[in-house]
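Notes follow the structure.
The values are calculated or read from the model by the stated rules, or taken from the named source; none is laboratory data. Bear in mind the structure is a predicted one, so any value in this text is a computation, not a measurement. Heads up, the Cβs are rebuilt from the backbone with ideal geometry, glycines too, and the neighbour counts pull from every protein chain shown. Accessible surface areas use protein heavy atoms only, side chains included; no ligands, DNA or RNA. Shrake-Rupley method; radii C 1.70, N 1.55, O 1.52, S 1.80 Å.
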Amino acid sequence: MSERNRTVPRVGMVGGGQLSRMTHQAGIALGVDFAVLAAHPTDSAALVCGDVTLGDDRGLDDVLAFAKAQDVVTFDHEHVPEPVLRAVEEAGGLLRPGRDALRFAQDKLRMRTRMSELGAPSPAWRAVTTTEHVSAFAEGTGWPVVLKAARGGYDGKGVWVVATPAEAEEVVARAAAEEVPLLVEEKVDFRRELAVQVARSPHGQVAVYPVVETVQRGGICHEVIAPAPGLDDEKATRAQQLAIEIAHALDVTGVLAVELFETADGVVVNELAMRPHNSGHWSIEGARTSQFEQHLRAVLNLPLGSPRTNAPYTVMANLLGGEDPEVYRRYLHVMAKDPEVKVHFYGKDVRPGRKIGHVTVMGDDHQDLLERARDAADYLRGDGQ
């Protein structure tokens with residue numbers, strides 16, 4: 001769909017967040033032309049990318065115009081409406097992943113239906129529109145249950161754990177007022193949360209990363225340990241195979257993140273994301289090929305890179321904003337105290353609880369690495385000063 005004669009491919013990423021920012025960085029070494037459609041000039045990627053189009057990254061006119069200047073279009077979020085995606089494809093645009101795949105990451109009802117069709121291990125679930133539906137479901141699974149907005153939720157938003165019909169009624173009423181479809185799921189009794197990244201190219205080549213442990217607090221990922229410590233080989237292999245099977249079944253192009261619950265019986269699919277994902281940030285330093293480079297290789301149909309790790313363990317901790325915005329001053333002390341810690345900033349204004357960066361550290365002892373990563377993230381946030 002590109003209107004220019006080029007000797008290298010031109011990749012456009014819809015969305016100007018930190019995922020675009022880090023994908024842009026990976027694209028420099030690959031030598032590809034990389035463009036971003038950002039909503040604001042202060043968006044994370046817009047601050048560093050040399051080719052930025054400002055516009056509505058969910059709107060028909062702006063997305064369509066942006067796509068016409070690209071050879072391949074990909075995404076740093078799942079929020080582009082399906083009619084917009086359809087219009088781009090009908091106009092000849094090459095979307096990777098395509099609309100038919102993206103709908104399973106955009107809509108949890110579609111995702112759960114497809115997982116059930118595939119026989120993928122999943123929580124019990126059903127679509128609900130009334131409190132009576134929720135109560136009838138809970139009679140089979142027991143309270144509490146988990147209510148989810150079918151579309152639009154992330155970082156704990158759009159997810160409610162409810163323990164009584166009264167609590168469910170409040171969520172159902174709010175969702176009805178906002179015309180948000182709901183589903184209810186059983187509250188899985190899990191040991192910990194895991195994730196797997198798999199990249200898939202258009203001709204079906206795959207590269208799968210080690211299974212990682214994710215530490216969630218308040219619905220937000222705080223830490224990732226790669227690979228997941230203490231995970232037996234059989235369960236790890238099954239999780240990787242499951243991610244590959246899902247990628248093939250949904251015809252994904254690019255990186256697919258499969259978030260999982262580890263239970264006593266195995267793993268259960270929680271969420272899907274068809275883009276680079278927070279649970280894969282560790283791979284920038286911790287793998288031979290980062291998830292960001294891998295995503296570009298996949299959407300360009302290049303041979304995929306090795307997902308092998310560079311150290312026995314890599315730990316990533318998200319940096320959340322605190323009350324004190326003077327992060328750079330504290331950054332100098334973190335560098336001096338632990339020179340092996342790598343800090344990535346996203347160029348965002350500091351607000352309490354906002355993801356403004358992450359830190360990674362590699363080594364042999366995951367407990368030691370976890371303490372060092374937490375120490376750096378806590379100090380940068382301003383805790384204990």
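Examine segment 75-83 for a residue that is at pLDDT 95 or above, of a type in the set (D, E, K, R) and outside any strand (DSSP E or B), and state whether such a residue exists.
So far as segment 75-83 goes, yes, one or more of its residues are at pLDDT 95 or above, of a type in the set (D, E, K, R) and outside any strand (DSSP E or B).
Within segment 215-250, track down each residue that is crowded, with 23+ Cβ neighbours inside 10 Å, β-branched (Val, Ile, Thr) and closer than 18 Å to Val268 by Cα.
The answer is Ile246, and nothing else.
Of the numbered conditions (1) open to solvent by 10 Å² or more (accessible area, probe 1.4 Å); (2) over 17 Å from the mean Cα position of the chain (by Cα); (3) in contact (Cβ under 8 Å) with a residue 60 or more places away in the chain, Glu259 satisfies every one except a single condition; which is it?
(2)
Being over 30 Å from Asp364 (Cβ atoms) and either of a type in the set (Lys, Arg) or touching a residue at least 60 places away in the same chain (Cβ under 8 Å) (or both) is true for just one of Glu186, Glu193. Which residue is that? Give the steps one after another, and end with the answer.
Numbers: Glu193 fails: over 30 Å from Asp364 (Cβ atoms).
Unique residue meeting the criteria: Glu186.
Please list, ordered by residue number, the strands (runs of 3 or more DSSP E) wholly in segment 1-60 having 1 or more residues that are surrounded by 20 or more Cβ atoms within 10 Å (Cβ to Cβ) and aliphatic (A, V, I, L, M).
Once the strands (runs of 3 or more DSSP E) in segment 1-60 are filtered for at least 1 residues that are surrounded by 20 or more Cβ atoms within 10 Å (Cβ to Cβ) and aliphatic (A, V, I, L, M), what remains is 10-14, 33-38.
Of all residues being within 20 Å of Gly321 (Cα to Cα) and open to solvent by 40 Å² or more (accessible area, probe 1.4 Å) in segment 354-373, which is modelled with the lowest pLDDT? Just the residue, please.
Arg354
Only one of Asp368, Asp383, Asp324 is farther than 20 Å from Ser283 by Cβ and without any contact (Cβ under 8 Å) to a residue 40 or more places away in the chain; which?
Answer to the selection: Asp368.
Can you confirm whether Tyr379 is among the aromatic types (Phe, Trp, Tyr) and surrounded by 16 or more Cβ atoms within 10 Å (Cβ to Cβ)? First the steps, then the outcome.
Values: among the aromatic types (Phe, Trp, Tyr): yes; surrounded by 16 or more Cβ atoms within 10 Å (Cβ to Cβ): yes.
It is true that Tyr379 is among the aromatic types (Phe, Trp, Tyr) and surrounded by 16 or more Cβ atoms within 10 Å (Cβ to Cβ).
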